[in-house]
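What follows is calculated from the coordinates using simple rules that are stated; it is not laboratory data. Nothing here was measured: the structure is a model prediction, and the numbers come from that model. With ideal geometry, Cβ positions are generated from the backbone for all residues, glycine too; neighbour counts draw on all protein chains shown.
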Amino acid sequence: MDRKQFLSRSLKASLGAIVAGPALANMAACNTPAEAENTTPPDPASPPTPALQLAQIALPYAYDALEPMIDKQTMEIHYTKHHAAYVKNANAAIAEEGVKAPDEAALLAGISAYSTKLRNNAGGVWNHNFFWQVMGPGSKSAEGSKVLDALNGAFGSFDKFKEVFTDAAMKRFGSGWAWLVQKDGKLEVGSTPNQDCPLMDVCEFKGRPLLGLDVWEHAYYLHYQNKRNEYVAAWWNTVDWNALAARLG
Ligand code: MN
């Protein structure tokens with residue numbers, strides 16, 4: 001394999017790992033497959049490794065799949081405009097700022113070293129990749145899943161958990177996110193402003209996200225206008241509890 005083929009292969013493998021990253025249960029971006037594949041010894045004269053590139057996951061369902069809870073137009077604009085813009089702007093900031101983080105997880109964990117532009121946009125990339133995966137068409141029951149036991153244990157009851165999470169979503173002033181995270185083995189509910197993500201070192205509310213809800217107006221305004229409460233109430237019917245169970249440590 002000549003150098004050109006080698007570089008092309010490594011870049012493709014790295015991009016594949018980044019795209020696959022958010023789908024991993026432990027949310028750690030993983031470049032191991034690319035490294036394992038690179039059997040050619042490093043050439044000191046090679047150009048530097050291409051900079052980290054963030055990417056959108058493919059939307060796991062059609063734009064209209066979550067109707068009527070989330071309408072097709074909102075989903076399409078949210079994915080193709082808002083989320084895509086975070087990716088474009090995050091990658092521009094990564095290039096401008098000479099980011100050395102080897103992967104997305106390391107970038108978020110050390111985001112305090114970079115600009116507000118990168119913090120906002122890298123958060124926007126990760127949060128939305130995650131958000132698409134907490135929702136899904138199909139069975140919406142948490143009954144019989146280990147999630148239910150965990151939530152009952154942490155919050156007293158499933159209904160109480162929903163109440164606490166809904167409260168976090170409603171009380172987040174302005175734009176932001178509500179979260180269920182796992183931290184030191186415990187489940188906690190909280191919220192973050194703007195596109196801050198609980199994986200960021202700058203975040204007051206930290207943990208490994210299990211569930212996230214976008215409460216930016218762009219997530220609901222076309223269909224629900226100012227009625228965030230109606231959006232949140234409907235959103236519960238989109239949650240993929242099986243996916244949540246898979247994330248539970
Ligand atoms: Mn959004």
Using θ = phi - 60° and the Karplus form 6.51 cos²θ - 1.76 cosθ + 1.60, what ³J(HN,Hα) does each residue of the range 181-188 get, whole Hz, x for Gly and Pro?
10, 10, 9, 6, x, 9, 8, 9
How far is the Cα center of the range 92-129 from the Cα center of the range 199-249, in Å?
21 Å
Could you order peptides 187-199, 87-99 by the average number of other Cβ atoms within 10 Å of their residues, highest first?
187-199, 87-99
Given K81/K160; K100/K162; K100/K146; K117/K227; K100/K160, the pairs whose alpha carbons are separated by over 32 Å:
K81/K160; K100/K162; K100/K146; K100/K160
Stretched fully, the stretch from K183 through L222 gains (0.36 nm per residue minus C-alpha distance, one decimal, in nm) 10.6 nm
Kirkwood Rh over alpha-carbon pairs of the range 72-248 plugged into Stokes-Einstein at 37 °C, 0.692 mPa s gives a D in µm²/s of 196 µm²/s
How large are Rg and Dmax for the range 148-200 when only the alpha carbon atoms are used, in Å?
11.5, 33
When you take every Cα atom in the range 72-147, what is the radius of gyration, and what is Dmax, the widest Cα pair distance, in Å?
15.7, 49
